[in-house]
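For reference, the structure is listed below as structure tokens.
The values are calculated or read from the model by the stated rules, or taken from the named source; none is laboratory data. Bear in mind that the values here come from a model prediction, so they are computed numbers and not experimental data. FYI the Cβ positions are ideal-geometry reconstructions off the backbone, even for glycines, and counts take in every protein chain you see. The area values use the complete protein model at the heavy-atom level, side chains included, leaving out ligands, DNA and RNA. Shrake-Rupley method; radii C 1.70, N 1.55, O 1.52, S 1.80 Å.
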Amino acid sequence: MGIRQAKYCLLLPLIMCIAVFSKAQEPMKLSLKDAVKYAVEANQNARKARLDLENSEYQIAEVRSRALPQLNGNAGLTYNPLLQKSAIPNIFAGRPDEIILVAFGQKWNGNAGVTLTQNLFDKSVFTGLQAAKAAREFYKISAELTEEQVIELVATNYYQLLVQRRQIAVLDTTIKNTQKVQNILETHYKNGLAKKVDVDRIAVNIANLQSQLQQLQNSVTLLENQLKYYMGLPIQTHIEVADVDVTSIEPNPVAIQGTVDIDGRTEIRLLNQQKRLQEYQKIAYKSEYYPSLSLSGNYSYQGLGNVMPVFKSLSDGVNWFDVASVSLNLRVPLFNGGATRSRIRQADISIRKINEDIENTSLALNLAYENAKTQINNSIIMLAAQKKNVQLAEEVFENTHNNYNQGLANLTDLLNAETSLTEANNNYSSALLNYRLAEIQLIKSKGELKSLLN
């Protein structure tokens, strides 16, 4: 092997490690759709909701098992060092007036057997099975609601992040423009055409803008970490949020007289299912008044002797015999001190409380829908005003800049015009993206948050 080949072999692992590390450091590019889809799968609350749904299947199986035959095996070995004695007349010696003590039984008793029990009628079992199936539907709706909540959090945080990033872009452009003015002003100062105080003032202005930029960058980092948390993404992961072309946002007003299907909302469906579960609980309490009927069978094989009966036979002094029985059992509840009646009344109170929750939630959802419509329409009005304000600020800045170059305006006028233009651009960008935030609330109030997955 030559020296060049040896060097290559030594450098190859290092090159591969650098390549793998570089690939690992590549940011994860996220659109809103990507972020929402990832969150629905990875968010811990969404995963827990799906586990609850999976667990409901096992709850159904558990209740169903009560309607199936129950088979149990049993075995026992008993040693009696002192047998129980009974007092009997001494008829064996022909003296019946004399009482003697006689021990009955054997020193050892071994047995093995099986017991079979089958419920023939038990209303609580059938009610429990219906309730378990209703619980499965409850957890299914609960999982849907959790997913909607995750989608809302991620989408809202996503657009808040875009608002901050848009403000950073505007502020960065302002700093660059101000630095150009600073360079011109410093040249004029060197040539004796500007004052030192003006050079200092613009330097202070740039320092303030850079401080604002740093604060916004810190806010973006915090929002990115929060977005990763809502998504269930490791905080150490580098992400890159795709920019949204604000000019592509086309605000659409919402009809004031519009209505929404409240009964179809996940929140109402969940409460209705919770009410249904409580009604099954009430039926379960009532089933305590019903009799229950079961069939049971028992078979056992026993061995008795004065020696340990295991692996022993009649020749060893051990008698083996089998025993079997079949019984039909009826249980009729008669009186339990009014406990069942009290439980039924408690269930009634719970149902009435859920009815109040349904009414309150319906009012809240209607309120949210009306507020969302108002917010959308107000955002559109604000957008029109901010767009016009940006146009005016641009005209003022251009005129002031030209006047400054011609010596018709001072530095204060130029800086004020520049600050006004920066604020106008920030306000317009924020208004556009805040319109998206209002749109999310409108989508939520209509129960259409899952449309963001498409």
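So which residues in the stretch 295-324 are part of a loop (DSSP other than H, G, I, E, B), of a type outside the set (Val, Ile, Thr), surrounded by fewer than 16 Cβ atoms within 10 Å (Cβ to Cβ) and touching a residue at least 60 places away in the same chain (Cβ under 8 Å), if there are any at all?
ASN306, MET308
Residues to consider are SER445, SER451, SER429; find the one that is of a type outside the set (Lys, Arg) and without any contact (Cβ under 8 Å) to a residue 60 or more places away in the chain.
After applying the criteria, what remains is SER451.
Six or more apart or on different chains, Cβ atoms under 7 Å: show the pairs whose first residue is in the stretch 277-291 and farther than 14 Å from GLN346 by Cα and in contact (Cβ under 8 Å) with a residue 60 or more places away in the chain and whose second is outside any helix (DSSP H, G or I) and open to solvent by 50 Å² or more (accessible area, probe 1.4 Å).
PRO291/LEU330; PRO291/ARG331; PRO291/VAL332
With respect to the numbered conditions (1) surrounded by fewer than 17 Cβ atoms within 10 Å (Cβ to Cβ); (2) over 30 Å from TRP108 (Cα atoms), which one is the sole condition not fulfilled by SER327?
For SER327, the exception is condition (2).
Among the residues of the stretch 130-142, is there at least one that is of a type outside the set (S, T, N, Q) and under 14 Å from VAL36 (Cβ atoms)?
Looking through the stretch 130-142, none of the residues is of a type outside the set (S, T, N, Q) and under 14 Å from VAL36 (Cβ atoms).
Would you mind telling me which numbered condition in (1) in contact (Cβ under 8 Å) with a residue 60 or more places away in the chain; (2) open to solvent by less than 70 Å² (accessible area, probe 1.4 Å) ARG64 fails?
The one condition ARG64 does not meet is (2).
Considering only residues that are outside any helix (DSSP H, G or I) and not basic (Lys, Arg), look in the stretch 412-454 and name the one that is farthest from LEU153 (Cα to Cα).
ASN454
Can you pull out every residue in the stretch 108-140 that is small (Gly, Ala, Ser) and either assigned to a strand (DSSP E or B) or over 29 Å from VAL332 (Cβ atoms) (or both)?
Result: GLY110, ALA112, GLY113, ALA135.
Within the stretch 233-268, restricting attention to residues that are touching an Asp or Glu at 6+ places or on another chain (Cβ under 8 Å) and crowded, with 18+ Cβ neighbours inside 10 Å, which residue is modelled with the highest pLDDT?
Result: THR266.
If I go through the stretch 91-107 residue by residue, how many of them are open to solvent by less than 100 Å² (accessible area, probe 1.4 Å), modelled with pLDDT of 85 or more and either of a type in the set (D, E, K, R) or in a strand (DSSP E or B) (or both)?
Selection size over the stretch 91-107: 3.
Inspect the stretch 148-168 for any residue being free of Cβ contacts under 8 Å to residues at least 60 places away in the same chain, of a type outside the set (Asp, Glu) and within 27 Å of ARG436 (Cβ to Cβ) and give the result as yes or no.
So far as the stretch 148-168 goes, yes, one or more of its residues are free of Cβ contacts under 8 Å to residues at least 60 places away in the same chain, of a type outside the set (Asp, Glu) and within 27 Å of ARG436 (Cβ to Cβ).
Conditions tested, residue by residue: (1) open to solvent by 80 Å² or more (accessible area, probe 1.4 Å); (2) more than 19 Å from ILE175 (Cβ to Cβ); (3) in contact with a Gly (Cβ under 9 Å, 6 or more places away or on another chain).
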| position | (1), (2), (3) |
| --- | --- |
| ILE381 | yes, yes, no |
| ASN389 | no, yes, no |
| LEU392 | yes, yes, no |
| ASN402 | no, yes, no |
| ALA417 | no, no, no |
| TYR435 | no, yes, no |
| LEU442 | no, yes, no |
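Could you grab the pairs with beta carbons closer than 9 Å, sequence gap of 6+ or different chains, first residue in the stretch 28-53 and open to solvent by 70 Å² or more (accessible area, probe 1.4 Å), second one of a type in the set (Val, Ile, Thr)?
If the second residue must be of a type in the set (Val, Ile, Thr), the pairs left are LYS29/ILE239; LYS29/VAL241; TYR38/VAL154; ASN45/THR146; ASN45/VAL150; LYS48/THR146; ARG50/THR146.
Looking only at the stretch 332-344, decide whether some residue is open to solvent by 90 Å² or more (accessible area, probe 1.4 Å), modelled with pLDDT of 90 or more and in contact with a strand residue (DSSP E or B) (Cβ under 9 Å, 6 or more places away or on another chain).
Checked against the condition, which is being open to solvent by 90 Å² or more (accessible area, probe 1.4 Å), modelled with pLDDT of 90 or more and in contact with a strand residue (DSSP E or B) (Cβ under 9 Å, 6 or more places away or on another chain), the stretch 332-344 yields no hits at all.
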